[in-house]
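Novice: Right, I'll just put the structure down here and ask away after.
The values are calculated or read from the model by the stated rules, or taken from the named source; none is laboratory data. These figures come from a predicted structure and were not determined experimentally. With ideal geometry, Cβ positions are generated from the backbone for all residues, glycine too; neighbour counts draw on all protein chains shown. In case anyone asks, the SASA skips ligands and DNA or RNA and just uses the protein heavy atoms, side chains included. Shrake-Rupley method; radii C 1.70, N 1.55, O 1.52, S 1.80 Å.
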Amino acid sequence: MKIAFLACPATLPGSPTRRPDAFEHDLYIDALRAGIGNRGTVTDIDWRAPLETLAQFDAAILGTPWDYTEAKDEFLARLGELEQAGVTVCNPLAVVRWNSDKLYLKELGERGAVTIPTVWPERAGPADVLAAFEHFQTDRVVVKRRVGAGAIGQDSFTRDNPPPADWSLDQATMIQPFLPAIQTEGEQSFIFIDGALSHALLKQATGGDYRIQTLYGGFETPLDPAPADRAAAEAVFALLPFDQPPLYARIDMVRLEDGRLAVIEAELIEPYLYPEQGPNLGSMLADGILRRAS
């Protein structure tokens, strides 16, 4: 079995533009290679490589194509081309298309998931932020891209430090109240492989930041979740609108002020799956890819 681990110049080893957090790429692909063993090969390759090159693989996993958010339509088109060429894509195009715009969170809320209150301006300016303070009756909000990842392009404003008059986010946007638990407790991540919980972890920020990604100094620790918290994550996973469970899913959750966990992201495209906290991750992924491709 020949498996392509789709990546991008910002994550591929040896790239002159490699990101400082691309060590996650190395840990992730090493875990998958160990899991596949002598049953196949795993090759990391740019998702923009020629189609005739990518079509020679039996399967493709969306490993670290971290630049897809700047070229969503091109990325979706490439996945469609791979599927038409007979390559088993994990996760498949239908899942990726649904998950590529964070408006999916609104759908999950309508299906019964506990979500963070959100407003959805198509373009955000200072007036939208000021209105959000009043709408949520809060002193701090977070502004995010609807198509984005890794907190890139994200802003946080307070009533005392609102956006300047010339600030804008010229793309589809979401605005949410800032949740103190992201700094006091952290963000819980639940990794599901083929519908089963593989492992969980707690991600925490440092230095007064609220962003938990390693790019901003965040760190992770293994988590044995409380039964109620695990059940909350499983409930979100069960609400995903697909007939078959995706190969992988990372359900990220943060605690509301009433004590419930709310879904902050359901990551189904290219999430880092934290093999350091999940020693069985590589073998579970490999088994799932082989089942799908054969």
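Novice: Would you check if residue 237 is open to solvent by less than 50 Å² (accessible area, probe 1.4 Å) and part of a helix (DSSP H, G or I)? First the steps, then the outcome.
Specialist: On the way: open to solvent by less than 50 Å² (accessible area, probe 1.4 Å): yes; part of a helix (DSSP H, G or I): yes.
So residue 237 fits the description; yes.
Novice: Quick one: which of 17, 11 is under 27 Å from residue 101 (Cα atoms), buried (at least 22 other Cβ atoms within 10 Å of the Cβ) and of a type in the set (Ser, Thr, Tyr)?
Specialist: On the way: 17 fails: buried (at least 22 other Cβ atoms within 10 Å of the Cβ).
Only one candidate passes the filter, namely 11.
Novice: Residues in the range 240-272 that are in a loop (DSSP other than H, G, I, E, B) and farther than 15 Å from residue 187 by Cβ: how many? Step through it out loud before you land on a result.
Specialist: So the first thing to find is which residues in the range 240-272 are in a loop (DSSP other than H, G, I, E, B), and the list is 240-247, 256-260, 268-272.
Of the ones still in play, those that are also farther than 15 Å from residue 187 by Cβ are 240-247, 257-259, 268-270.
Residues flagged as in a loop (DSSP other than H, G, I, E, B) and farther than 15 Å from residue 187 by Cβ within the range 240-272 amount to 14.
Novice: Hey, among 191, 175, which residue is farther than 16 Å from residue 266 by Cβ, touching a residue at least 40 places away in the same chain (Cβ under 8 Å), open to solvent by less than 30 Å² (accessible area, probe 1.4 Å) and part of a strand (DSSP E or B)?
Specialist: Numbers: 191 fails: farther than 16 Å from residue 266 by Cβ.
When all the criteria are applied, what remains is 175.
Novice: Go through the residues of the range 274-282 one by one and say whether even a single one is farther than 20 Å from residue 23 by Cβ, assigned to a loop (DSSP other than H, G, I, E, B) and not hydrophobic (A, V, I, L, M, F, W, C).
Specialist: Just the residues of the range 274-282 that are farther than 20 Å from residue 23 by Cβ, to begin with: 280.
Applying the additional criterion that residues be assigned to a loop (DSSP other than H, G, I, E, B) yields 280.
Among the residues that remain, those that are also not hydrophobic (A, V, I, L, M, F, W, C) are: 280.
Among the residues of the range 274-282, at least one is farther than 20 Å from residue 23 by Cβ, assigned to a loop (DSSP other than H, G, I, E, B) and not hydrophobic (A, V, I, L, M, F, W, C), which makes the answer yes.
Novice: For residues that are touching a helix residue (DSSP H, G or I) at 6+ places or on another chain (Cβ under 8 Å) and within 24 Å of residue 105 (Cα to Cα), scanning just the range 145-167, find the one that is modelled with the highest pLDDT.
Specialist: Among those that are touching a helix residue (DSSP H, G or I) at 6+ places or on another chain (Cβ under 8 Å) and within 24 Å of residue 105 (Cα to Cα), it is 157.
Novice: Can you find a residue that is of a type in the set (Gly, Ala, Ser), without any contact (Cβ under 8 Å) to a residue 40 or more places away in the chain, open to solvent by less than 50 Å² (accessible area, probe 1.4 Å) and over 25 Å from residue 103 (Cβ atoms) anywhere in the range 263-285? Working first, answer last.
Specialist: Our first condition is that a residue be of a type in the set (Gly, Ala, Ser); within the range 263-285, this holds for 266, 278, 282-283.
Filter again for without any contact (Cβ under 8 Å) to a residue 40 or more places away in the chain, leaving none.
The answer is no; no qualifying residue exists.
Novice: Are any of the residues in the range 208-224 at pLDDT below 95, open to solvent by 40 Å² or more (accessible area, probe 1.4 Å), part of a loop (DSSP other than H, G, I, E, B) and closer than 22 Å to residue 285 by Cβ?
Specialist: There is at least one residue in the range 208-224 that is at pLDDT below 95, open to solvent by 40 Å² or more (accessible area, probe 1.4 Å), part of a loop (DSSP other than H, G, I, E, B) and closer than 22 Å to residue 285 by Cβ.
Novice: Continuing with the same structure: Please give the number of the condition residue 184 fails out of (1) free of Cβ contacts under 8 Å to residues at least 12 places away in the same chain; (2) over 28 Å from residue 202 (Cβ atoms).
Specialist: (2) is the only condition that residue 184 fails.
Novice: Out of all the residues in the range 128-138, is one or more open to solvent by less than 60 Å² (accessible area, probe 1.4 Å), hydroxyl-bearing (Ser, Thr, Tyr), assigned to a loop (DSSP other than H, G, I, E, B) and in contact (Cβ under 8 Å) with a residue 24 or more places away in the chain? Break it down stepwise before answering.
Specialist: So the first thing to find is which residues in the range 128-138 are open to solvent by less than 60 Å² (accessible area, probe 1.4 Å), and the list is 128-129, 131-133, 136, 138.
Restricting the remaining residues to those that are hydroxyl-bearing (Ser, Thr, Tyr) gives 138.
Going one step further and asking which of them are assigned to a loop (DSSP other than H, G, I, E, B), we end up with 138.
Next cut, in contact (Cβ under 8 Å) with a residue 24 or more places away in the chain only: 138.
Checking the range 128-138: at least one residue is open to solvent by less than 60 Å² (accessible area, probe 1.4 Å), hydroxyl-bearing (Ser, Thr, Tyr), assigned to a loop (DSSP other than H, G, I, E, B) and in contact (Cβ under 8 Å) with a residue 24 or more places away in the chain.
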